[in-house]
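Let me begin by presenting the structure, written as structure tokens, before commenting on it.
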Amino acid sequence: MTAVNPDRAQVPDPPPAPQHRSWPGTAVVAGGLTTAVGAAAYISSHVLLSGLSGREAVGSPLCVTANLVMTAGLVTLVLALPSFGVRAGLPRAVVAVVVAACVFLAANAWSMGTELAGLTGLVTDAQWDALDNPMALLSRAPKMVLGLVGFGALAVAGWRRRAFSRGASVLLALGAVVCLLPPHQPGALVVGVALAWAALTVRR
């Protein structure tokens, strides 16, 4: 039996090596936050541009920039989520639906920031208001359905597998419900923050 020398200095354990986030996780954080910033900027236009008509607001530099920023963030998520899902151990089918939801969210943001923004200079306010009809709602249906199913399923999978924090799972579930709103910006805001949170707290 070896005696312990009480006078011998105790060497502290070395600090744990820092854990470096993988590129998919970093990209999901960046994409999610970029999406959320763009969505928040657009939503803020309801206050900042309250003196403008709906047509004028959509064609304003603030709203155009906000939609293009959202598009960039969502495209980043589309590219990073498949690898992130594999690393986090998430079901591939669920991740595929989430990617599809992000594709349609990006399409909505891009369309509003380019085609609709250009159209604002060609129509009157009355003609602009007439564009908001059942056919316009139908064009938003894919992101509404895929958002509800995809982000809802991702919230459940993340919760059950403890792939990321419970808070991120709850926020993803909320985002799934918010995606049912016809405008794409509220859903993009919530799911952008939720996906960034999930990537920051991923267990693997």
Counting only protein heavy atoms with a 1.4 Å probe and every protein chain in place, the carbon and sulfur fraction of the accessible surface of the chain in whole percent equals 68
A correct Stokes-Einstein calculation for the chain, using the alpha-carbon Kirkwood radius, 10 °C and 1.306 mPa s, returns a whole-number D in µm² s⁻¹ of 87
Go ahead and run the numbers for FRET between VAL145 and THR124, Cβ-Cβ distance against an R0 of 35 Å, rounding to 0.05. 0.60
Separation of alpha-carbon centers, region 114-187 and region 81-111, rounded to whole Å: 14
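Stretch ALA96-GLU115 to full length: gain in nm at 0.36 nm per residue minus the Cα-Cα span?
Full extension of this stretch gives 4.1 nm more.
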Pop a pseudo-label 7 angstrom from the Cα along the beta-carbon direction at both VAL177 and ASP132 and give the gap in nm to one decimal. 2.4
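Can you tell me the dipole magnitude for the chain around its Cα centre, using point charges on the Cβ only (Lys, Arg +1; Asp, Glu -1), in Debye to the nearest 20?
It works out to roughly 980 debye.
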Accessible surface, the chain, averaged per residue in Å² (probe 1.4 Å): 54
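Determine the calculated [θ] at 222 nm for the chain from helices alone, applying -39500 (n - 2.57) to every DSSP H run no shorter than 4 residues and normalising by the residue count; nearest 500 deg cm²/dmol.
The per-residue figure over the chain is -23500 deg cm²/dmol.
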Gaussian network model of the chain, springs between alpha carbon atoms under 10 Å - residue of LEU90, LEU138, LEU172 with greatest fluctuation: LEU138
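Among residues other than GLY54 whose Cβ falls under 9 Å from its Cβ, what is the net charge (Lys/Arg +1, Asp/Glu -1)?
-3
Once the Cβ-Cβ distance between ARG161 and LEU79 is put in as r, and R0 is 25 Å, what FRET efficiency do you end up with, to the nearest 0.05?
In this case the efficiency is close to 0.60.
The values are calculated or read from the model by the stated rules, or taken from the named source; none is laboratory data. Computed from a predicted model, the values in this text were never measured in an experiment. Neighbour counts are summed over all protein chains in view; Cβ atoms, including those assigned to glycine, are modelled from backbone coordinates with ideal geometry. These area figures cover heavy atoms from the full protein model, side chains too; ligands, DNA and RNA do not enter into them. Shrake-Rupley method; radii C 1.70, N 1.55, O 1.52, S 1.80 Å.
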